[in-house]
Each structure stands twice: as C-alpha cells, then as structure tokens.
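The values are calculated or read from the model by the stated rules, or taken from the named source; none is laboratory data. Quick caveat, the model's predicted, so the values are computed rather than measured. Positions of Cβ are generated from backbone atoms using ideal geometry, with glycine treated the same way; all protein chains shown enter the neighbour counts.
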Amino acid sequence: MNLVSKLPASGTTIFTEMSALAANCGALNMSQGFPDYDGPLALREALARNVMDGMNQYAPMAGVVALREQIAAKLQCYYQVDCCPDSEITVLPGATEAIYCAINATVHRGDEVIVLDPCFDCYGPSIALAGGIAVHVPLSEEDFSIDWTRLNRAVTPRSRMIIINSPHNPTGSVLSHQDMLKLQQLVCSQDLLVLSDEVYEHLVYDGQQHYSALQYPELRERSFAVFSFGKTYHITGWKTGYCVAPPALSRELRKVHQFVCFAGVTPIQMALADFMREQPDYAAGLAAFYQRKRDQFCDLLAGSRFTFSPSAGTYFQLLNYNNIEQSLDSELAIYLTREHGIASIPLSPFYQSPPAQHLLRFCFAKNDDTLKRAADILCQL
C-alpha cells in the first residue's frame, strides 16, 4: 500500500515518550503535566451521581446548556465580560480539540499562521492538516518575552492568524497588559485572527494577573479563547475544555467540531456544571496553592547545581543544567530518566530551530513528598 503521511514530520509526542519511559524505568514522572493527586471530592461525587442518575446519552453538540451558563458566569466573575452561552461558548473534549477546530475552521491552504517558539506541540500539526504554513517567531532567549519588532516583521499579506499562549507552556512566562495592547493593535491593523491558548489562566504568581483576550474589545472580536477544566480542577483525564469566540467564529468552529467528536461526555459536563454552581470561587485559590508548590520545589533546589528563575505561571519550572552537563536536552532527559529515576521534558521539541539552551521542564503539580523526592535526586547531580 502506497501510504503518504499527512504529517511526515510528526511522531509520538514528547509527552507520551517521556511518560512511557518513566513508567518503563520506574522513574519519578515530573515530565507530563498532570497532578499526582485527585480533583475535588465533591466534583468526583457529582460525576458518579450524574452517571447513576442516567445522564449518559449525547450532550448537545455545543455543550450542556447548564455548563455553558456556568462558564458565562465564571467569565463575568473573573474577567468582567459578558459572553452568550448559546452563541459564543462551545464545550469540547479537551483544549487540544478546541485548538484543532479553531485552526481548521478558519485557516485555508497557503495561509500563514504565526506561532511563538517554543510553542506547544499541537499547533504545528493542526496548521499543517488545515493546509496552512506555520511561521515560527522565537521568543526572547533571556525571559521568553515577545520580540514585537520581530513579530511585526513576520506578518505578510498571507498571514491569517497569530497563536498566543499565556501563561506559557513550556516556559511559564506570562503576557502583560502592554503585550495584549500591542497584540490588539497589530491584529486589528493587519486584519488577523487570534487563537489565545489560556488553559493555565488561574496559575499566575507573585501578584501578577492573567490578561485574557476576552478583556480587550477589539481583540475579542477576532479571537478564539481556549480554556481547560482539566488544569483548573486537577482532572486532566476528563479531557474537557471550552472555546469562547464571537458568534461568527463560533459557528465556524462548531461546523468542524461536530464532525470531529460531535459532543463532549455528558455526565462529565453535568458534574462540572453542578460543581461550578456550588463552588464558584474554587479557582480563586489556585494561584496561592500552586505558588506554594513552586516555592517549595525551588527552595528544595537551592543547594543544587541547577540555575533557574521561579516560574511566573503554569505548573512548570524550567531548570538550566549548564553547570552540570553540556549534552543535548533530549539526551539528558532520557539519561536522567534511565540512570537517575527522574523524568522531565526537554525544550527542543517545542522549537522549529532549537537555540543552544540547556533547559529541562519539570512539573511541580505534585504532592509534597513527590517534590521532596525529586529535589533529592536533582541535588545529587
């Protein structure tokens, strides 16, 4: 059979590879971004209750109405924006599908989509499957901020969309209010769409805040904003997220979504709606919860040979190993997993052209004992 791959440059994701290697080696898995603790008991009980109460048939294609209403209330509470549950909010099985649908709904063959390297690994394949061309613009190597001069120069008559991600995976950087104003000015002047990946929206530290694309009126008019319940409620395995976009963009996104997965899992959506209604302030405590974990992890590493700046957002911490080893990050990640029993994520797979960095990403969404065990290993290197 003469099979020609539509994604010839794509293999198994680095997350799958490192988690599998960690499992095979019995290593501590600090690589893939998931907690080693459960989500709220009330939320898990709500899921069981909804399953037993018969909420087991298809949900509406756009999502359970009660959940979309709770999302609208949450957006008003946290961002002071009014979003229509019927025409602007779509619930999907995970943020990855939301990103895929947004791109494939609006990017045509030959369109250019600007991505900021290092970028999450689902962006490029989604662009390729839409027939688009990913244009990679590197972030600053010092602090992973946007080089606005370089970004502006990357815009051409074929540019269709810019993808932003704040808080940023894998680096933990956070876009400022001034960044968002510059983005708004750029996309409006060049008639571009925006895909705003905001799945770590509540995980911002040291008194900073998350600025959503939804808060900037002209930006909101041309943006898909993507969010994740898995990151907020420690339930990554539930694979449920949502996309907020103006009615015209939401209609196009739903046209693709209905033929990719049609609808999300009904009892999960019902459980989330119940929990959000009963505990609307749950997310307000996440920043303090995760900042304590970040600080604990960084404090435990104070005596190590790694250098680092505490992450500004997400639940990932970058560690620079330049004082320890000069090998490639992918080689060191494998070596540490096999020989020292700790798995991490190298940054090079997130780049089109990796710079000469010596950085590994570690997930600190872990129990205190796990963080202590990880730090003990790393401090011995």
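A few notes on this one:
- Scanning the stretch 27-44 turns up no residue that is surrounded by 20 or more Cβ atoms within 10 Å (Cβ to Cβ) and at positive phi.
- Condition met for GLN291 (in the same structural domain as LEU21 (by TED's automatic domain parsing), modelled with pLDDT of 95 or more and either outside any helix (DSSP H, G or I) or not aromatic (Phe, Trp, Tyr) (or both)): yes
- Looking at the stretch 1-91, the helices (runs of 4 or more DSSP H) lying wholly inside it that each contain 2 or more residues that are in contact with a Pro (Cβ under 6 Å, 6 or more places away or on another chain) sit at 41-52, 65-79.
- Members of the stretch 215-226 found to be crowded, with 23+ Cβ neighbours inside 10 Å and touching a Phe, Trp or Tyr at 6+ places or on another chain (Cβ under 8 Å), listed by number: VAL226
- Residues in the stretch 21-55 that are within 22 Å of HIS340 (Cβ to Cβ) and polar (S, T, N, Q): ASN24, ASN29, SER31, GLN32.
- Only one of TYR200, TYR216, TYR205 that is over 24 Å from ARG292 (Cα atoms), among the hydroxyl-bearing types (Ser, Thr, Tyr), outside the structural domain of LEU359 (by TED's automatic domain parsing) and under 22 Å from the mean Cα position of the chain (by Cα): TYR216
- Per-region count, the stretch 372-381, residues within 26 Å of the chain's Cα centre (by Cα) and polar (S, T, N, Q): 0
- Across the stretch 121-135, a minimum of one residue is classified as at pLDDT below 95, closer than 30 Å to SER10 by Cα and either under 17 Å from the mean Cα position of the chain (by Cα) or surrounded by fewer than 18 Cβ atoms within 10 Å (Cβ to Cβ) (or both).
- Whenever a residue of the stretch 322-344 is within 15 Å of ILE14 (Cβ to Cβ), its partners that are at pLDDT below 95 and among the charged types (D, E, K, R), lying with C-beta atoms within less than 7 angstrom and at least six residues away or across chains, give the pairs LEU332/GLU325.
- The stretch 349-371, subset assigned to a helix (DSSP H, G or I) and either under 17 Å from the mean Cα position of the chain (by Cα) or assigned by TED's automatic domain parsing to the domain that holds ASP121 (or both), residue surrounded by the fewest Cβ atoms within 10 Å (Cβ to Cβ): PRO349
- Any hit, the stretch 180-203, residues being closer than 20 Å to ALA62 by Cβ, of a type in the set (Val, Ile, Thr) and surrounded by fewer than 23 Cβ atoms within 10 Å (Cβ to Cβ): no
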